[in-house]
Amino acid sequence: MEMSDQLGFQFRPPERRVWTVRALVSAVRSHIEREYSDCWVEGEISNLRIPDSGHLYFTLKEETAQIKTVMFRSSAKLLRFRPENGLHVTVRGRITVYEDRGELQISAEFMEPKGAGALQLAFEQLKARLQAEGLFEASRKKAIPPLPQRIGIITSPQGAALRDILNILARRHHSANVLIYPAQVQGDAAAGEAIAGLRYFNQELRQQDLRRGRAVEVIIIARGGGSVEDLACFNHEGLARAVADSKIPVISAIGHETDFTIVDFVADLRAPTPSAAAELVIRSRQEIDAQAEDLYRRLERAVHYRLMMARQELTERAQHGAFARMMDGIHRRQQKLDEQRFRLEKAQRQLLERCHRRCDNVSAAVRHYDARRRLAAMRQQLAAQVANLAALTRTHLLQSRRALDRQTASLEALSPVAILNRGYALVFDATGQLVTDAARVKAGDELSARLARGRVRARITSTDPSEP
């Protein structure tokens, strides 16, 4: 619609642009992602949700504002601590718009706690969680053998900790056998290699060598001192659970006396240093011999005393007839116990038979609807159809090949080349025209002749058009 003013000028109003909702949200998203592609944002975690996919969804808030945040699994699995509601954190990522709901959100790629370091927070969280599960309880810790013949050591072959342990073992008990599982003791791969060492000693070596008496009796996980970051690999949850699940007693000898890791709390025994671990696992032979001699003398005196008291009591009971009555009461109770055991075994067998019958009935009903049987029938039908198709294809190919052979033979019989092979030639004049009449050429003209193999050129010396 055009409008004009008093001077006669005409004005055309600007055309309005109508956006679709998705186009508008997409345009806003592109603009925001360009302007805020790398941002650090600080706030408190709330409404944290961690679905089975492993992604983190939460709200980053302060007193008067909040923003949705998502951290996808690829970034979340690199966190060294466990996010919780109420935790004050700093996140790094890009600002974007979730188009389905038109919400502004942060796509976080990095997150660290505000205040306490990530390593210390992860340590405290894991310690509290494992302690609540009872993995630190003294009741579940296994006793260390006093004089083990075979000792497994998980450590770095180049480390000073291994040399210290071997020197002390050689000095205190040179007959002990040592099996070393080489593993990194620092970095991201250290925890996985230590877990592999525990599994090796507990499963592979035990299964292979237990009958031959070569399974280790105690395991030492050793590393020299270092910073908190250097020892962080021993605060790994998977390694802690592997130590707790070990069927063989585990001694942790990590760092110095003031260094503590999660493995120290889960292990069956903590040694302040690798050298102390060797001293704890092997006592000197003289000390063992002296203790054995003392125990033997004490046992001998106790046995003599018990025999004397039992003989005296037996004599007194036999004299008063109480012994016979006591034995009669014991026999009656034994008979009653046997009868109860027979009844229990009979009831157990009947119950098992009923369970077996029910299981057979259910199995028969399930087999009727078993998808595997139907799939097997369909596979057989498909295989038969494939075989028929292959046979038909082969027959068609053979027929086509025979027809092709017949046509090839006919073509070869009619080919001019076949005629040339019998001694004939095709003669062409200088212009390339085929010469079929001697009257068309004269003496002195050049001719070319096509033979079965090759071509020749000639000059006419004479012609005889009258010859048939």
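The values are calculated or read from the model by the stated rules, or taken from the named source; none is laboratory data. These numbers come from a predicted model, not from an experiment. Heads up, the Cβs are rebuilt from the backbone with ideal geometry, glycines too, and the neighbour counts pull from every protein chain shown. These accessible areas exclude ligands, DNA and RNA; they are computed on the full protein's heavy atoms, side chains included. Shrake-Rupley method; radii C 1.70, N 1.55, O 1.52, S 1.80 Å.
Numbers at a glance
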item: Qualifying residue in the range 23-36 (condition: outside any helix (DSSP H, G or I) and hydrophobic (A, V, I, L, M, F, W, C)); result: no
item: Checklist (1) modelled with pLDDT of 80 or more; (2) over 60 Å from the mean Cα position of the chain (by Cα) applied to ASN421, failing item; result: (1)
item: Failed condition for ALA161, given (1) open to solvent by 30 Å² or more (accessible area, probe 1.4 Å); (2) modelled with pLDDT under 85; (3) in contact with a Gly (Cβ under 8 Å, 6 or more places away or on another chain); (4) not hydroxyl-bearing (Ser, Thr, Tyr); result: (1)
item: Some residue of the range 418-425 being in contact with a Ser or Thr (Cβ under 6 Å, 6 or more places away or on another chain) and closer than 25 Å to PRO465 by Cα; result: no
item: Residue count, the range 22-40 (criterion: touching a Phe, Trp or Tyr at 6+ places or on another chain (Cβ under 9 Å) and of a type in the set (Lys, Arg)); result: 1
item: Residues that are over 18 Å from ILE45 (Cα atoms) and open to solvent by 30 Å² or more (accessible area, probe 1.4 Å), drawn from the range 79-102; result: TYR98, GLU99, ASP100, ARG101, GLY102
item: Qualifying residue in the range 96-113 (condition: basic (Lys, Arg), at pLDDT below 85 and in contact with a Leu (Cβ under 8 Å, 6 or more places away or on another chain)); result: no
item: Scope the range 135-158; condition part of a loop (DSSP other than H, G, I, E, B) and open to solvent by less than 20 Å² (accessible area, probe 1.4 Å); matching residues; result: PRO148
item: Test: ARG394 is among the charged types (D, E, K, R) and at pLDDT below 90; result: no
item: Flag for ARG406 being open to solvent by 100 Å² or more (accessible area, probe 1.4 Å) and more than 21 Å from LEU451 (Cα to Cα); result: yes
item: Residue in the range 380-398 that is closer than 30 Å to ARG450 by Cα, open to solvent by less than 80 Å² (accessible area, probe 1.4 Å), small (Gly, Ala, Ser) and more than 41 Å from the chain's Cα centre (by Cα) present; result: no
item: Subset tally (residues that are out of contact with any helix residue (DSSP H, G or I) (no Cβ under 6 Å at 6 or more places or on another chain) and without any contact (Cβ under 8 Å) to a residue 24 or more places away in the chain) for the range 51-75; result: 13
item: The range 213-247, residues that are in contact with a Phe, Trp or Tyr (Cβ under 6 Å, 6 or more places away or on another chain) and among the aliphatic types (A, V, I, L, M); result: VAL216, ILE219
item: Test: residue in the range 245-253 that is out of contact with any Pro (no Cβ under 9 Å at 6 or more places or on another chain), assigned to a loop (DSSP other than H, G, I, E, B) and within 23 Å of LEU79 (Cβ to Cβ); result: no
